[in-house]
Every structure is written in C-alpha cells, then in structure tokens.
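Step one of this worksheet: look at the structure below.
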Amino acid sequence: MYDWEGNMTAGMDFSPPSGIIEGSYNKDNVSVMENQGSENLDNVKQVTHGKPPRHVSAVRNCISSARLLAEANLELDVSMVVHKPSSDEKTEFLPVLRSGSCAEIGPKQSMEDEHICIDDLAEHYLGTAVEFPSPGAFYGVFDGHGGIDAATFIRNNILKYIVDDSHFPICVENAIKSAFLKADYAFADASSLDISSGTTALTALIFGKTLIVANAGDCRAVLGRRGRAIEMSKDHKPNCTSEKLRIEKLGGVIYDGYLNGQLSVARALGDWHMKSPKGSACPLSAEPELQEADLTEDDEFLIMGCDGLWDVMSSQYAVTIVRKELMIHNDPERCSRELVREALKRNTCDNLTVIVICFSADAPPRIEIPQTRVRRSISAEGLNLLKGVLDGNS
C-alpha cells in the first residue's frame, strides 16, 4: 500500500465489524451519504405512477470504519458475502414490477423533459387485441431540447409504434429499432409542431424476466444488482470514439464537443433542421442502441434518468442511494425524489427526470461483511485526515 504521495508506508490494521452495507462503495470514487429524510422535498414536482410498497423496512445507521474511511477519502476493499441458493433451492424468477418517478425543472427556465411509466401492459391494453406476457411493463425518459414538442410527441407515440410494428412480438428488438425511426419520421410530418425541436429517447421494455433497454442520446439506464451498478445504456456524446467515427464518416464535424457546433448529443429524434431527407444516413442519428438482460433474483431495481442526473452523479453512487433508501422505506417514488434532491444539491444545470423501477415487492436484503481483518496502510497525512473526521462526528 502506498501513502498519499505514492510512497510505501508501514502497515496498520483496521477490523471492520460485521454489519450492513446499504449498497456498495465504488473503489475509484467513494462518496459519503447522509441519512436525510425524504419526506420534505421543496419545489420538486412529483409525478407518481408507482404502486404503494407492500411493507416498510427500517435500518439503523451507525458510523462504521468503512464509512469513516470513505469520509476520509481512503480506500477500503471489503468482500461482500451474500447467501446464494443451492441448486435445490433455486426457483424460477419472475419480477414483481412497481415504479416511482420524479420530474423537476431545476435551474432552467422551462421544463423540456417527458417520461412514461406503465407497470402493467396487459392492464394498459385491456380490451384490445394486443396480448402481453405477465409481467410486462414499459418505461421511458425523453430529454427535450429546443422546445417541448419533440419530447411530447415521442412520449405519446413511441409505444404505439413498437406494438404496431410487424416484427412485434416475434422479434421485439427489431420492432423497437423500427419504432424509433418511424416515430422520428412521423414527427417530421407533424405540420402543427416545431420539427426543429429534438429529444433524446431512453426506453425500457420488460417481457417476463427479459429487460430490453433502447437508447438514443445521453439519458442513461443503470441496473442495481445486489448493490453493484450495471450500466444498461451508453451515453451518445459526440466525442465518444465510436460516435465520433460514425459522425465524421457521414460528413459531420465536432466543434468543442458539439455535433456540427450545435448539439451536445450524437443521437436524437427530431432536430429535422440538422437531418438529411428521410431514409438518408446523416451524422445525427435516431437509431437506438439496445441492451438486453435476463433478470434474476440478484437484480433489484433499474434507474432511468436524463443527463441532468448523470452530469453530477456516478452510476454507482445513484445505485448506492437507491438501495439505501429502499432498505429504509421500500418506496421507489421516494427513491426517485431522493436522487433529484441530491442532484439539485450538487448544482445540476439541467432539468431532472428520474424513474426507479423495482423488481420485487420486498426491500433489498442486507449484505453482510464477514468478520475478517482487512489490512490497509495509510500515511501520517491520512491519519490526521481520519482524526479530523472522527472529531467531526464526535
């Protein structure tokens, strides 16, 4: 182990007690959270689509050696042990879906985000010829720019284009890709709307235990897997290597991180003042990238958020917050509000829209630390910093 200046130092032992980790720490960027109440969120407009939690769990917060080292910005690697069922104990997993959302204008003068939460597609399409497996759900976050028209149009129509596509439901992936392009073309023909407005689009479709995430733009979906963040989408920024190559191959240019000096995303729907005629390839693409996962009992929730959240928060930190909050109150809506609150505290410069989708009726289980000694070395400077943290908590 090395000290703060990269020099080898004498060893020092820390013996963390057996206890609870609400989430997991990111080794490269450990953050400290305060257990703040979520009941009073000033100036935050809530959009609730979730069902009430089945029960409420409570946990006690204590100052552990892990938290103290995190506050001192020191590294602490602890192997988390979770009981895994044997082959005889395993049962077929099917998610129990419930969601909550929160949308806030933030520091901007107007709200250009839209979102949609449908926890039960079978109920949503009840009385129609469309059939869905159970469970089946659909969620979306649409981050508009240059006005609200594009985000509103895509929010209102994208699911219809997926369900009506000829590939649905035999090949859902093809249906989703086709729907994004059809929705984009339909918006271009909407004479009553401002087709120069644009929007990113992030959707999540759940069929049984299959999760399919589609993304065009810089919104992000993150899966919480027993406290670990699994990113289910890639941010389409113009400076991203693959996007940069695609843009330049099609004749586009990037100025100071902006596509053609105008747009901070490489993929979006709308923005028809920047696109070629329908059917022609152009630097600004509406085609989504898809990621698929078969959900298991280890997959606890999915976070979907616009870039106003991810500009000021890492994926792992967001997962840690949500897991901690679920262990306290088991309410996905309050979790989404807490993420918005934290982003506002971190001075986000954008609108904020967050959806939290839970895959179980129960709160996440406790993750236990085995009673083993963890040997770490810190410098005198680190000890002084740790002492300051201890003094501040006394």
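Read-outs: derived from the displayed coordinates by stated rules, not from any lab. Model, not experiment: these values are computed from the prediction. Note that we place each Cβ from the backbone using ideal geometry, even for glycine, and neighbour counts take in every protein chain shown.
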Chain lengthening between residue 346 and residue 94 when straightened (0.36 nm per residue, less Cα-Cα)
87.1 nm
Flagged links, alpha-carbon separation over 28 Å, of 160/345; 160/244; 108/160; 234/324; 244/324; 209/278:
160/345; 160/244; 108/160; 244/324; 209/278
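With the Cα gyration tensor of the range 101-200 giving a ≥ b ≥ c as the square roots of its eigenvalues, does the rule (a/c under 1.5 for rounded; else a/b larger than b/c for prolate; else oblate) give rounded, prolate or oblate?
Details: a/c = 2.52, a/b = 1.49, b/c = 1.69.
Taking the square roots of the gyration eigenvalues as a ≥ b ≥ c, the range 101-200 is oblate.
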Treat the count of other C-beta atoms within 10 Å as a stand-in for reagent exposure and order 185, 161 from fewest to most.
185, 161
